[in-house]
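> Let me begin by handing over the structure; questions about it come next.
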Amino acid sequence: MPTLAIIGAGSNLGAAVARRFAKEGFSVGLVSRNLDRTTELAGTLQSEGITARGYTADVRDPASLRDALDAVSADLGPIDVLQYSPLPAKEYLRPVLETTVEDLQPALEFSILGPLAAIHHVTQHMRFLGGGTVLLVNGGSAVRPVAKFAGTSVAFAGESALGQMLHEALAPDDIHVGQLIIPGAIEPGHPRKDPEVIAERLWEMHRDHGDFRVYAQDLDAE
């Protein structure tokens, strides 16, 4: 049974992605800072017949992130698909003229060092297995900076650059690194940004191993 690990798993997008991949036979490791929430979500998914378990990690602590991913692999099997989609803290959403070094540093740890640690860790196994997928989920500021959201604009841009380079560097190993841009908020019932619609798009990105960047909706539609 292939394994999906979701870093930043929650009851909205994380649950929808877990259900979509489970339809294709995946077991699911749910990782977030709150173990109670991931355990509860895992229980809900288990009641639906899905193999799922909850884990805890702080994405700003690379050691805890690696430990959580090792636990997923030990319990559910080697990770075939990694999704990195934690929600940024409100502190990262300050205007540029109010953003200090102390504000920006944790945002960079969250959006650049965190995914780098996770991707490096799981791709060692993926190379041995002969392929895999890494899915990065970001807001529109990853490709169009927003001055009132300086932290995420800078940090997401760095994550985009990292992802693009890894997309190219890992392609010869049949490891696909892709980025899904979701302008604005995830909206239940929205034709393009409903969690189930986005989950379907993420499944297609894994299945098709296409371009690096995919948009849930055109940036100018907001």
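The values are calculated or read from the model by the stated rules, or taken from the named source; none is laboratory data. Values in this document were obtained by computation on a predicted structure and should not be read as measured data. Virtual Cβ from ideal backbone geometry, glycine too; neighbours counted across all protein chains shown. Side chains are part of the model used for accessible areas, which takes the heavy atoms of the whole protein and leaves out ligands, DNA and RNA. Shrake-Rupley method; radii C 1.70, N 1.55, O 1.52, S 1.80 Å.
> Once the Cβ-Cβ distance between Val101 and Asp173 is put in as r, and R0 is 35 Å, what FRET efficiency do you end up with, to the nearest 0.05?
Taking R0 as 35 Å, the efficiency between Val101 and Asp173 is 0.45.
> Under 18 Å Cα to Cα from Lys90, which lysines show up? Leave out anything in the same chain fewer than 8 places away.
Qualifying lysines at Cα under 18 Å: Lys148.
> What is the helix-to-structure angle for 62-76, meaning the angle in degrees between its Cα long axis and the longest Cα principal axis of the chain, kept from 0 to 90 and rounded to the nearest 10?
30
> Right, another one. Under 5 Å between amide H atoms, partner at least 5 residues away or on a different chain: which partners does Gln179 have, H built in plane at 1.01 Å?
Amide H neighbours of Gln179: Leu136, Arg213, Val214.
> Same structure, new question: Leaving ligands, DNA and RNA out of it, work out the accessible area of Met165 with a 1.4 Å probe and give it in Å² to the nearest 10.
In the full protein context, Met165 sits at about 120 Å².
> So, with +1 on the Cβ of K and R and -1 on the Cβ of D and E, and no other charges, what is the size of the charge dipole of segment 100-222 about its Cα centre, to the nearest 20 debye?
Computed about the Cα centre, the dipole is about 80 debye.
> Any idea what the alpha-carbon Rg over 2.2 N^0.38 Å comes to for segment 1-119?
The value comes to 1.11.
> Taking only DSSP H segments of four or more residues, each worth -39500 (n - 2.57), what value at 222 nm results for the chain once the sum is divided by all its residues, to the nearest 500 deg cm²/dmol?
-14000 deg cm²/dmol
> Could you tell me which of rounded, prolate or oblate describes segment 89-222, using a ≥ b ≥ c as the square roots of the eigenvalues of the alpha-carbon gyration tensor, with rounded for a/c under 1.5 and, failing that, prolate when a/b is larger than b/c and oblate otherwise?
In terms of gyration-tensor shape, oblate.
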